[in-house]
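Working notes, structure below.
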Amino acid sequence: RVLREVMVMHKKEDIGLPKPVFKQGEVTVHIPQEVGSHIVNAVKTGGIFTDTYEKLTIGHRESYHEDPNSSESDRQIQRLIRQRRIHLLKEKISHAQKLGAKTFFDTLLNEHIATTDFQSKVDTCQGEYIENAIKRERKELESKVDTCQGEHIENAIKRERKELEGRGGAIADLNSGPLTAASDHFSAETFIDRRPVKAVVYSSSSSNLLDVLEYFYDKFDNANIAEMMQGNIDVMAYELGRFRLGKKEGKFCPICNGWNEYSGKELSGCKNTLLEVSDAAGNVFLIESERILDCVGNPVEMNRLGEAPLNKYGISKKAWKVGDALCIDARDPHPLFRARLSEEQWAAYGSARCKELVAIDEGEGVDNYFGPLPCEEETNYGQLMVSLRKWQPCGKFHGKPRWNHLRKKQVGWYTGPTLVHEEIETVKEDVFILALDASLAHGLDLSFVTHLYLLEPIDDAALLEQVTSRAHRLGATGPVTIETVNVWHELDPSTKKFRKQIASNLNDEDQKRTSTAICEHCYRSFDNITLAEEHEIRCDRNPDSSAEVPLFHLSSV
């Protein structure tokens with residue numbers, strides 16, 4: 001009685017908050033037939049092959065092959081790690097052999113599933129599933145809005161036509177009705193959920209989330225994605241603001257016209273990376289990474305970028321090496337870039353001093369300027385072969401004159417406008433994906449989110465409620481869909497047939513598919529929808545439940 005008098009309890013059902021929608025998504029990852037054959041042969045022969053580890057990691061051989069570009073000490077460490085892995089694997093396999101063919105088979109299969117190769121396939125399949133789901137939801141939303149607008153205009157025209165006829169007038173054609181009908185506000189009868197799709201991809205594994213995020217960056221524009229995974233609090237707050245408001249703040253560099261995001265700290269030097277390259281004629285100049293069309297094999301290895309093609313070199317900064325041969329687009333003016341400043345303008349900004357510093361450091365220093373490109377008219381659409389010399393932020397190339405206490409000399413040369421002189425601008429973005437690490441999700445207000453994708457199942461009801469409550473909370477104007485992306489492996493037909501032979505009581509894989517259902521009141525998981533519905537009728541947290549709550553239970557307050 002005392003608690004009822006002094007406390008004000010706000011429940012979600014009291015404010016009519018739409019209930020969350022739980023879904024179970026499924027993706028299938030196929031086990032390579034080659035891996036299945038190795039496992040079957042090992043079980044049949046009963047022997048432990050020397051290259052077990054290699055055969056279980058088909059498609060990811062770089063994980064145990066030595067890197068020819070690494071040092072001798074690094075190669076020695078790689079050999080020791082590989083030997084240790086093989087030793088532990090042999091011990092596990094030897095123990096599994098003693099427990100029967102089925103255990104032996106499952107042990108080898110689980111070893112492959114635990115490899116980096118298989119996990120990479122899992123992350124790719126999950127990313128593809130979420131990508132298709134988001135695109136489908138966005139397309140359906142556009143279709144619903146267009147249909148709703150058309151129906152509303154048609155009904156408004158019919159209503160005004162009827163009113164006009166009642167006053168003695170007439171309208172011969174339905175489409176010739178009053179144009180003012182199109183500007184009427186939508187009524188409650190024509191309302192649909194027109195919230196923009198805002199999807200959160202949630203995971204407790206940073207490595208899995210990074211792999212899925214890498215897939216998203218390959219399929220969506222960078223402006224469509226926000227990250228809350230690591231970094232300072234101001235950076236994460238900035239990313240959350242982009243995702244929520246659909247806009248970003250920052251400044252365009254007056255030198256390279258690159259975008260610099262404003263996250264609360266003063267912007268002094270441009271952080272966009274510029275590359276210093278040289279052509280066959282000996283010209284040394286700066287370019288943007290977006291100008292790179294392709295990189296040429298030898299000296300650039302074909303597997304330098306992993307599975308990505310070489311034309312992704314420009315966005316693969318970690319793979320850059322001095323001396324790489326690049327094909328660039330040297331057109332100036334260029335339809336996608338701002339025209340370069342003339343040599344006369346750069347002379348006014350101190351390019352003469354820059355050339356002196358370059359000569360003193362013999363081209364090995366940090367100085368250079370974003371001058372005109374040496375593009376000749378006879379070149380093929382501005383394509384030019386160059387060699388990579390170095391790269392660094394634009395602000396370091398164009399340093400302001402100052403005294404360096406460590407080097408005990410005057411450094412810097414640039415006297416032109418910098419980011420400090422530019423005004424902060426607001427640019428609209430279509431940000432509809434947020435990659436959210438579980439460790440950073442506590443206390444967030446995601447009431448505007450429409451979809452929440454879980455990369456791993458959450459069996460703990462309290463944890464699932466906590467995650468769901470980030471979006472299903474006060475302020476939400478519509479339901480949130482929580483979808484768990486479950487992953488299943490699929491064996492090739494011959495391997496699957498052998499597996500059934502050695503385990504007659506093995507259930508068919510199709511019967512093991514996800515059928516989990518979740519109570520929308522207490523968030524407990526059940527094996528099927530029937531059990532969940534039976535529980536909801538007597539759930540203690542269901543306001544319509546007939547179950548009696550103990551007098552001293554917290555839910556009775």
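The values are calculated or read from the model by the stated rules, or taken from the named source; none is laboratory data. If you're wondering where the values come from, they're calculated on a predicted model, not measured in any experiment. A quick note on method: Cβ atoms are made from the backbone with ideal geometry, for glycine too, and the neighbour counts reach across all protein chains shown. For accessibility, only protein heavy atoms count, side chains too; no ligands or nucleic acids. Shrake-Rupley method; radii C 1.70, N 1.55, O 1.52, S 1.80 Å.
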Using modelled amide H (1.01 Å from N, peptide plane; none on Pro or chain starts), what sits under 5 Å from the amide H of Lys390, excluding residues fewer than 5 places away? Glu276
Built amide H within the under 5 Å cut-off of Arg195, gap 5+: none
The stretch 194-270: trypsin sites (Lys or Arg not before Pro) falling in loop per DSSP and having at most 16 other Cβ within 10 Å: Arg194, Lys265
I need the peptides 120-130, 279-289 ranked by packing, meaning the mean over residues of other C-beta atoms within 10 angstrom, with the highest value on top. 120-130, 279-289
Rounded to the nearest 10 Å², the accessible area of Arg304 using a 1.4 Å probe with every protein chain kept is 40
In order through the stretch 405-413: 3J(HN,Hα) via Karplus (6.51 cos²θ - 1.76 cosθ + 1.60), integer Hz, x for Gly, Pro: 6, 6, 8, 6, 7, 7, 10, x, 8
Phi-based couplings in Hz for the stretch 521-537 (Karplus 6.51, -1.76, 1.60; Gly and Pro marked x): 9, 10, 6, 6, 9, 10, 5, 8, 5, 5, 5, 5, 5, 5, 5, 4, 5
When N counts the residues of the stretch 229-298, how does its alpha-carbon radius of gyration compare numerically with 2.2 N^0.38 Å, as a ratio? 1.52
Could you name the lysines whose alpha carbon sits less than 18 Å from that of Lys428, not counting residues in the same chain fewer than 8 places away? Lys198, Lys247, Lys248, Lys251
Backbone HN-Hα couplings from phi across the stretch 470-482 [Karplus 6.51/-1.76/1.60, Hz, Gly and Pro as x]: 4, 10, 8, 8, 4, x, 5, 9, x, x, 10, 9, 9
Asn486's amide H: which non-local residues (gap 5+, or another chain) put their own amide H closer than 5 Å, with H modeled 1.01 Å from N in plane and none for Pro or chain starts? Gly25, Glu26, Val27
